[in-house]
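*Asks:* First the structure, which I've put down as structure tokens, then a few questions once you've had a look.
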């Protein structure tokens, strides 16, 4: 088998991986390219499989528009911008009036935040439930892939893809399609798991960001630089960021690791907590003493992880990469 990016020979990194979150019932392998530091899931999902698979197994359909709105209740634009900046998004590089296309809009949290900040927003997601949420939020979202050339005749000042590139069956075609839709001086902002992260090195096959079969591609700084070069793009900003929730979920996921074909109750429980926290219209759930103690334990673990994650991020070994690209300028 050959590498998707450089066509060098691949070696087996992990065998018989399976969906340890939502119970998709098949095995997959992770193959690694030493030459360009790229890894890929085999066999990969095909584009035609993704909409039905995501609607059945992935949890976007359980989010509603009220939860998205309530997540930003009481926040002014400065607070929203600060929140996005703290999450690693390069908000300082963008003009608020820009025309923005978000690829992989999901539950539309990001797209809604950008609309509140004054961006002219458009979105894409193959999951039909994303379009339903968007309609209730008065957002323009199409159920399509970027390669399908949606929103014909339009170009964009900013194209974002937050935790999307790893899901894309053909990353080269994706980045080429994004480049074609950029306006003059436009920017592409990508974020995706870091194959060179300390978390990946420490947790091995139990790293939460293998996330098969949904994650197909895995990048390092070297491999994303190679991909950018293929699309005649240059990197103007690069950083690694480890979201605190990723560290917490990494540790929690090891607590009760599911068998193949079993849904992981830890992920379902975490999603329920996040939804209740953002759904201000519902009465808060009563917690037992045991529940409060568990929360205290996980909060303490999160605090303990902070210095480790901070150092990892500073050394480029954080769990997520955020990169800003633009078309190469002629010398």
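*Asks:* I'm trying to understand the selection: among the residues of segment 142-173, which are assigned to a helix (DSSP H, G or I) and within 15 Å of the chain's Cα centre (by Cα)?
*Replies:* Correct list: 165, 166, 167, 171.
*Asks:* Got a number for residues in segment 89-128 being at pLDDT below 90, in a helix (DSSP H, G or I) and farther than 18 Å from residue 325 by Cβ?
*Replies:* Residues flagged as at pLDDT below 90, in a helix (DSSP H, G or I) and farther than 18 Å from residue 325 by Cβ within segment 89-128 amount to 1.
*Asks:* Which of (1) surrounded by 13 or more Cβ atoms within 10 Å (Cβ to Cβ); (2) assigned to a loop (DSSP other than H, G, I, E, B); (3) touching a residue at least 60 places away in the same chain (Cβ under 8 Å) does residue 25 not meet, given it meets every other one?
*Replies:* Every condition holds for residue 25 apart from (1).
*Asks:* Here is a follow-up. Let me spell it out: the conditions are (1) touching a residue at least 40 places away in the same chain (Cβ under 8 Å); (2) closer than 30 Å to residue 265 by Cβ; (3) touching a helix residue (DSSP H, G or I) at 6+ places or on another chain (Cβ under 9 Å), and residue 18 meets all of them except one. Which number is the exception?
*Replies:* If we test residue 18 against (1) touching a residue at least 40 places away in the same chain (Cβ under 8 Å); (2) closer than 30 Å to residue 265 by Cβ; (3) touching a helix residue (DSSP H, G or I) at 6+ places or on another chain (Cβ under 9 Å), just (3) comes out false.
*Asks:* Quick check on segment 253-306: of everything there that is part of a loop (DSSP other than H, G, I, E, B), farther than 30 Å from residue 16 by Cβ and touching a helix residue (DSSP H, G or I) at 6+ places or on another chain (Cβ under 8 Å), which residue is modelled with the highest pLDDT?
*Replies:* Residue satisfying both the conditions and the ranking: 287.
The values are calculated or read from the model by the stated rules, or taken from the named source; none is laboratory data. Keep in mind it's a predicted model, so treat the numbers as computed, not measured. FYI the Cβ positions are ideal-geometry reconstructions off the backbone, even for glycines, and counts take in every protein chain you see.
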